[in-house]
Amino acid sequence: MKGTPRISALSHSTPIDLSDVEEASLRTLVVANILGEIVRARKRNLIPSTAIVLEEAHNYVSSEETPSSVLVRDLIRGARHIGVGVILVSQRPAGIHRDAINVANTHIIFRLKGTDLEYVKQFAPLTKEELEEIPLLPDGVAYVTGPIVRGGHAIKVRIRERRTLHGGHSISFI
């Protein structure tokens with residue numbers, strides 16, 4: 001398209017902090033709007049293939065049937081077909097709508113217990129032994145399941161320690 005600005009294929013991230021938006025449905029509508037704009041831009045080939053990370057995903061793709069959460073789920077479902085990957089991150093997977101988890105190709109499961117573990121075992125092909133081990137996993141250890149894993153079985157991985165500064169690191173006053 002002549003005269004249309006195009007974003008370069010350089011790798012960069014743009015964090016959007018919605019923690020100051022108190023109304024949950026408004027936060028979800030903001031996420032839906034941003035996702036919608038990204039999907040439309042990708043369809044018009046204005047941006048390269050990209051990945052969107054939804055931290056605390058249970059707040060935006062909740063198991064509740066609100067108009068905004070339905071909109072986000074629909075965007076996630078259609079986005080992967082046009083080169084927009086959506087990564088859902090949550091410490092409370094039981095709060096994420098089952099359709100969103102079903103659409104996810106890969107699951108990375110860190111230590112979980114209770115209702116969250118019960119919920120995840122519906123979607124992840126884990127053995128009885130692996131399920132028993134998940135509540136006991138040490139920090140930085142997870143099971144990875146999905147089509148990227150040969151044979152469709154879960155593999156246990158250790159995530160290396162961060163090599164960069166943590167964005168939320170507090171300075172020492174003493």
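The values are calculated or read from the model by the stated rules, or taken from the named source; none is laboratory data. Model, not experiment: these values are computed from the prediction. No Cβ is skipped: glycine too gets one built from the backbone with ideal geometry, and neighbour counts run over all protein chains shown.
Descriptive notes on the structure:
- Applying the criterion of at least 1 residues that are closer than 29 Å to Lys156 by Cβ and either touching a residue at least 24 places away in the same chain (Cβ under 8 Å) or in contact with a helix residue (DSSP H, G or I) (Cβ under 7 Å, 6 or more places away or on another chain) (or both) to the helices (runs of 4 or more DSSP H) found wholly in region 18-130 leaves 67-79, 98-103, 114-120.
- The set of residues from region 97-115 being of a type in the set (A, V, I, L, M, F, W, C) and either surrounded by 15 or more Cβ atoms within 10 Å (Cβ to Cβ) or modelled with pLDDT under 90 (or both) comprises Ala100, Ile101, Val103, Ala104, Ile108, Ile109, Leu112.
- Within this structure, Glu118 fails the test of being modelled with pLDDT of 90 or more and either of a type in the set (A, V, I, L, M, F, W, C) or surrounded by 16 or more Cβ atoms within 10 Å (Cβ to Cβ) (or both).
- Filter result (out of contact with any Leu (no Cβ under 9 Å at 6 or more places or on another chain) and either under 18 Å from Ser19 (Cβ atoms) or crowded, with 21+ Cβ neighbours inside 10 Å (or both)) within region 73-96: Arg73, Arg92, Gly95
- Test: residue in region 10-24 that is among the acidic types (Asp, Glu) and under 24 Å from Ile148 (Cα atoms): no
- Answer from Val53, Val70, Val39 - the residue that is at pLDDT below 85, within 20 Å of Ile101 (Cα to Cα) and surrounded by 11 or more Cβ atoms within 10 Å (Cβ to Cβ): Val70
Residue by residue, here is whether (1) within 25 Å of Pro15 (Cα to Cα); (2) modelled with pLDDT of 85 or more; (3) surrounded by 10 or more Cβ atoms within 10 Å (Cβ to Cβ) holds:
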| residue | (1), (2), (3) |
| --- | --- |
| Glu129 | no, yes, no |
| Ile134 | no, yes, yes |
| Tyr143 | no, yes, yes |
| Ile155 | no, yes, yes |
| Arg160 | yes, yes, no |
| Gly168 | yes, no, no |
| Ile174 | no, no, no |
